[in-house]
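Colleague: Below: one structure in C-alpha cells.
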Amino acid sequence: MIVAVADQSQVAASRRVASDFAAEHGADEAAVGRVALIATEMATNLLKHATRGELVISRYDDASGAGIELLGLDKADGMANVPRSMEDGYSTAGSPGTGLGAIRRQADQFEVFSRPGLGTAILARIAAGKPGKAAAPLVGAVLAPYPGETACGDAWAFGLATGKPTLMAVDGSGHGVLAADAAAIAVRVFHDRLGDNPTLLVEDIHRALAPTRGAAVAVAQVDRAGKVVRYVGIGNISGAILTGGEVRRMVSHNGTAGHIAPRIREFTYPYSAGAAILLHSDGLSNRWDMAHYPGLAASHPSLVAGVLYRDHRRGRDDASVVVMRT
Ligand SMILES: [Mn+2]
C-alpha cells in the first residue's frame with residue numbers, strides 16, 4: 001500500500017492504513033500499535049521536513065524474519081547528519097525532534113538513506129507473523145499500481161531453488177485487473193515449478209500465460225557456488241547486478257510471455273558475494289545511475305528499491321522494483 005502524504009489529514013490516514021494492513025497481515029495487537037506509531041511519526045516527519053512524501057507499507061519475509069515494513073520517502077533536502085538527526089531534541093524544523101528517535105526505538109530494524117540534496121528514505125521493519133523463508137537473502141521491494149487503480153499488474157516473487165536464491169519480476173501487459181491476472185499466474189507457476197533451471201521455468205510461465213494478456217517477465221538466479229547469476233528475460237523488465245559501486249545490466253530478449261517469445265535463453269553473469277540483484281518494470285525509467293547515490297548500493301535492499309522508485313517512476317503505469325542481496 002502507498003499513501004501520499006501532503007497535508008495534515010493524511011497523517012491520520014497513514015496511521016489507519018498502516019494499522020489495518022498490519023492487522024490483516026499477521027501482526028498482533030502490540031505490533032499493530034508499533035506500526036501505527038511509526039506510521040504517524042513517518043507521516044508527520046514527511047510533512048514537517050519535506051512538506052510532502054510517500055509512505056510505502058508492505059509485508060516482508062526474508063533472512064531477517066517476517067513482518068510489516070514501512071518506508072518513508074521524500075525528495076526534500078536530505079539530512080546532512082543522520083546520526084545527529086536521530087538524537088531526541090535535535091531538529092532543524094524547530095520542533096521537538098522526537099520523530100526519528102521514536103521510529104528507531106519502535107522498530108525491530110531501522111535504516112536511513114539520506115544525503116544532502118538527495119532526499120531521505122527511512123526504513124522501519126516490525127516483526128510479525130511467522131517467517132516462511134528461512135535462510136533466505138534480504139529482499140526489499142516497492143510495488144505501486146497505475147495511478148487510480150487498486151489492482152497492480154506488476155508482481156514479484158522470491159524462492160530458493162535447491163538452495164539457489166531466485167527472484168522474478170513480472171509486468172502484466174497494460175494495467176488493471178487483467179494485467180494483475182496475468183502477473184498472478186506467473187507468480188503461481190514460479191512457486192510451483194521453481195527448479196534449478198531458470199530457462200525451463202520461464203518456458204513454463206510463457207506457456208501458462210497463453211490464455212492471458214501476456215506479460216514481461218524476468219528471472220534471476222544466484223548460484224553462489226558457481227559464482228554466477230543466471231538470467232532469463234522476455235520483454236521489458238530491467239535487470240542489474242549491483243556489486244559495490246559497479247552496475248552490470250542484464251539482457252532480456254524481446255517478446256511478450258504468453259504470446260510471442262522467439263528466444264527464451266539464459267545469460268550468465270559473474271557474481272561475487274554480497275552483490276545485489278535488482279529487477280524493475282518499465283514503470284520505472286532505466287536511466288538511473290547508482291553513481292548519483294553514494295553508498296546506496298550497500299544500503300538495505302528496501303532502501304535501494306524505495307529510492308529508485310521515488311526518483312525514477314514514470315507515473316503512467318504500474319511500477320515495481322525488487323532488490324535481493326545474498
Ligand atoms: Mn509496464
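Each value in this text was obtained by applying a stated rule to the coordinates, not by laboratory testing. Just so you know, these numbers come straight off a predicted model, no measurement behind them. We place every Cβ from the backbone using ideal geometry, glycine too, and count neighbours over all the protein chains shown.
Colleague: Calculate the dipole size of the chain relative to its Cα centre from +1 charges on Lys and Arg beta carbons and -1 charges on Asp and Glu beta carbons; express the result in debye to the nearest 20.
Modeller: 560
Colleague: Okay, moving on. With a ≥ b ≥ c the root eigenvalues of the C-alpha gyration tensor of the range 189-244, is it rounded (a/c under 1.5), prolate (a/b larger than b/c) or oblate?
Modeller: oblate
Colleague: Still on this structure: Using Cβ counts within 10 Å as a stand-in for footprinting exposure, how do M324, M1, M42, M290 rank, fewest first?
Modeller: Final ranking by Cβ density, sparse to dense: M1, M290, M324, M42.
Colleague: According to the square roots a ≥ b ≥ c of the eigenvalues of the Cα gyration tensor, what is the shape class of the chain, taking rounded for a/c under 1.5, prolate for a/b larger than b/c otherwise, and oblate for the remainder?
Modeller: Prolate shape, in that a/c is at least 1.5 and a/b is the bigger ratio.
Colleague: Only Cα pairs within less than 10 Å get springs; with that Gaussian network setup on the chain, which residue of A27, A220, A257 has the largest fluctuation?
Modeller: A27
Colleague: While we're on this one: Could you state the orientation-averaged shadow area of the convex hull built on the Cα atoms of the range 138-325, in nm² to one decimal?
Modeller: 9.2
Colleague: Among A121, V307, L278, whose Cα sits farthest toward the positive end of the charge dipole of the chain (+1 at Cβ of Lys/Arg, -1 at Cβ of Asp/Glu, about the Cα centre)?
Modeller: L278
Colleague: Just how many % of Cα pairs in the range 2-127 lie over 26 Å apart, if you round to the nearest whole percent?
Modeller: That tail contains 14 percent of the Cα-Cα pairs.
Colleague: Rounded to the nearest 500, what is the chain's calculated 222 nm mean residue ellipticity when only DSSP H runs of at least 4 contribute -39500 (n - 2.57) each, over all residues?
Modeller: Value at 222 nm, helices only, nearest 500: -8000 deg cm²/dmol.
Colleague: Give me the distance between the Cα centres of the range 251-320 and the range 17-76, rounded to whole Å.
Modeller: With the range 251-320 and the range 17-76 each reduced to a Cα centre, they are spaced 24 Å.
Colleague: Given a 10 angstrom Cα cut-off, can you work out which residue in L167, L143, L37 is the most mobile in a GNM of the chain?
Modeller: L37
Colleague: Sticking with this one: Which residue, R105, R115, R213, has the most motion in a Gaussian network model of the chain that connects Cα atoms within less than 10 Å?
Modeller: Maximum fluctuation in the GNM of the chain, among the listed residues, is at R105.
Colleague: Pick out, from L160, V228, G26, the residue whose Cα sits farthest towards the positive end of the charge dipole of the chain, with +1 on the Cβ of Lys and Arg and -1 on the Cβ of Asp and Glu.
Modeller: Projecting each Cα onto the dipole axis, the largest value belongs to V228.
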